[in-house]
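The values are calculated or read from the model by the stated rules, or taken from the named source; none is laboratory data. Just so we're clear, the structure is a prediction, and the values are computed from it rather than from any experiment. All Cβ positions, even for glycine, are placed from backbone atoms using ideal geometry, and neighbour counts span all protein chains on display. For accessibility, only protein heavy atoms count, side chains too; no ligands or nucleic acids. Shrake-Rupley method; radii C 1.70, N 1.55, O 1.52, S 1.80 Å.
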Amino acid sequence: QVQLVESGGGLVQAGGSLRLSCAASGRTFNTYAMGWFRQAPGKEREFVATMKWSGGTTYYADSVKGRFTISGDNAKNTVYLQMNSLKPEDTAVYYCAARSSAGPAVILRSNYAYDYWGQGTPVTVAS
């Protein structure tokens, strides 16, 4: 079992930056990949970024490429999402997720690829 707790969300002006954190506890050695997803009111949950613990491979949604960076700190069992040049359309609740088994990279863009989820942290970008 893996527990995930997100933090770092809040209110920020357009063009600003914010860094989200996801602290993992439990059987973290069983995790294969970490992901960030977001969900705006009335919208579907969408993929933002993902990272494999081994090899450092990362993938990003087209909407955030060049602006967001996912990274991890093994010593702290923590994953980060650095968000720069924020836009009002980035406003959403951001969720951290963990996958326990290996698989094709393409599936890491799907909600269904992940076994564990945090409670989410809200991000509001004012125009």
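Being aliphatic (A, V, I, L, M) and closer than 12 Å to CYS96 by Cβ is the filter here; which residues of segment 30-83 pass it? If you could, list the steps in order and put the result at the bottom.
Looking only at segment 30-83, we keep the residues that are aliphatic (A, V, I, L, M), and these are 33-34, 40, 48-49, 51, 61, 64, 70, 75, 79, 81, 83.
Listed by number, the residues that qualify are ALA33, MET34, VAL48, ALA49, MET51, ILE70, VAL79, LEU81.
Give segment 117-127 a look and list any residue that's among the β-branched types (Val, Ile, Thr) and open to solvent by 50 Å² or more (accessible area, probe 1.4 Å), or say none.
Residues of segment 117-127 among the β-branched types (Val, Ile, Thr): 121, 123-125.
THR124 - this is the single residue of segment 117-127 that is among the β-branched types (Val, Ile, Thr) and open to solvent by 50 Å² or more (accessible area, probe 1.4 Å).
Scanning segment 104-116 for residues that are open to solvent by 60 Å² or more (accessible area, probe 1.4 Å) and of a type in the set (A, V, I, L, M) turns up just one, VAL106. Just the residues that are of a type in the set (Ser, Thr, Tyr), more than 10 Å from the chain's Cα centre (by Cα) and open to solvent by less than 30 Å² (accessible area, probe 1.4 Å), please, taken from segment 45-103. Passing the criteria: only THR78. Looking for something over 20 Å from TRP117 (Cβ atoms) and part of a strand (DSSP E or B) - is there at least one such residue anywhere in segment 26-42? Within segment 26-42, none of the residues are over 20 Å from TRP117 (Cβ atoms) and part of a strand (DSSP E or B).
Summed over segment 24-42, residues that are more than 21 Å from ALA126 (Cα to Cα), open to solvent by 50 Å² or more (accessible area, probe 1.4 Å) and among the small types (Gly, Ala, Ser) total 2. Assess whether ALA14 counts as being of a type in the set (A, V, I, L, M) and surrounded by 17 or more Cβ atoms within 10 Å (Cβ to Cβ). No; evaluated as a whole, the condition is false for this residue.
Quick grid of which residues meet (1) out of contact with any Cys (no Cβ under 6 Å at 6 or more places or on another chain); (2) part of a loop (DSSP other than H, G, I, E, B); (3) at positive phi; (4) charged (D, E, K, R):
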{"position": "ALA23", "(1), (2), (3), (4)": "yes, no, no, no"}
{"position": "GLU44", "(1), (2), (3), (4)": "yes, yes, no, yes"}
{"position": "PHE47", "(1), (2), (3), (4)": "yes, no, no, no"}
{"position": "GLY55", "(1), (2), (3), (4)": "yes, yes, yes, no"}
{"position": "GLY66", "(1), (2), (3), (4)": "yes, yes, yes, no"}
{"position": "SER71", "(1), (2), (3), (4)": "yes, no, no, no"}
{"position": "ALA75", "(1), (2), (3), (4)": "yes, no, no, no"}
{"position": "TYR94", "(1), (2), (3), (4)": "yes, no, no, no"}
{"position": "GLN119", "(1), (2), (3), (4)": "yes, yes, no, no"}
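Just checking, does segment 31-40 include any residue being over 15 Å from the mean Cα position of the chain (by Cα) and touching a residue at least 12 places away in the same chain (Cβ under 8 Å)?
Quick first cut of segment 31-40, residues over 15 Å from the mean Cα position of the chain (by Cα) only: none.
No - not one qualifying residue is present in segment 31-40.
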